[in-house]
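Values in this text are rule-based calculations from the coordinates and carry no lab data. Note that the coordinates shown come from a computational prediction; the quantities given were computed from them, not determined experimentally. Don't worry about glycine lacking a Cβ; one is built from the backbone with ideal geometry, like all the others, and counts go over all protein chains shown.
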Amino acid sequence: MKPNIRRSGAIVVTLVALLAASGCRNDMRDGARLKPLEKTDWPDQNDRSAFELPEHTVARGTQPTTPEEEYFMTGKMNGQLGNTMPFELTRDVLKRGQERFNIYCSPCHDRLGTGQGMIVQRGFARPPSYHIDRLRQAPLGHFVDVMAHGFGAMSSYAYRVPPRDRWEIAAYIRVLQLSQGATMESVPANEIQKLDQMEEP
């Protein structure tokens, strides 16, 4: 009796396996696909199957081929930290820098850059304030380099923050430094005049 039960069980398992196998399909393997840069009828893709790369896209592991690319990616040119923006500084650049700073930097550095972020309040190592003399005098390239490679307890943010965003954050850090150390002498005369006019009754 027992051998028949075992044989019956084996037959049932075999039938179930055959039914399951018959339901398998190869759509993913045999489905329609396009070869890279193959011509298509998609009007928004310049008749090609591959999307255009976004501006300033750099493949991971790619080495810069010109001094300008090296500066853009690392903040250094010929091994020296630079202090000029590699693209035009605009209000939109600063707004983007503020947004990225608040996302990636403020948890440790806080929104004013004093080094009292929420992570620090929870017991982690405190980063230096951006308002100390050493960092006030540091070139912009220093902040780009630190974001790319890390520094001290801070790990690299290269895989989270692309090169252009690093520069935008660095520009915003400079804004924070100016805002926290500003004096009346640093305010342009025409802006002071506007303030005076606002105070008049």
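Of the helices (runs of 4 or more DSSP H) lying entirely inside the stretch 108-201, those containing at least 3 residues that are under 23 Å from residue 82 (Cβ atoms) and in contact with a Leu (Cβ under 9 Å, 6 or more places away or on another chain) are 140-149, 163-180. The set of residues in the stretch 102-134 being acidic (Asp, Glu) and over 20 Å from the mean Cα position of the chain (by Cα) consists of 133 alone.
If you filter the stretch 150-201 down to residues that are over 15 Å from residue 136 (Cβ atoms) and small (Gly, Ala, Ser), you find that the one that is surrounded by the most Cβ atoms within 10 Å (Cβ to Cβ) is 158. Of all residues in the stretch 135-160, which are of a type outside the set (Ser, Thr, Tyr), over 14 Å from residue 75 (Cα atoms) and within 21 Å of the chain's Cα centre (by Cα)? Those that are of a type outside the set (Ser, Thr, Tyr), over 14 Å from residue 75 (Cα atoms) and within 21 Å of the chain's Cα centre (by Cα): 151, 152, 153, 154, 160.
Scanning the stretch 112-122 for residues that are surrounded by 14 or more Cβ atoms within 10 Å (Cβ to Cβ) and not small (Gly, Ala, Ser) returns 112, 114, 116, 119, 120. The combined condition, being over 12 Å from residue 140 (Cβ atoms), out of contact with any helix residue (DSSP H, G or I) (no Cβ under 6 Å at 6 or more places or on another chain) and not small (Gly, Ala, Ser), is fulfilled by residue 80. Looking at 142, 131, just one residue is in contact with a Ser or Thr (Cβ under 9 Å, 6 or more places away or on another chain), touching a residue at least 40 places away in the same chain (Cβ under 8 Å) and of a type outside the set (S, T, N, Q), and that residue is 131.
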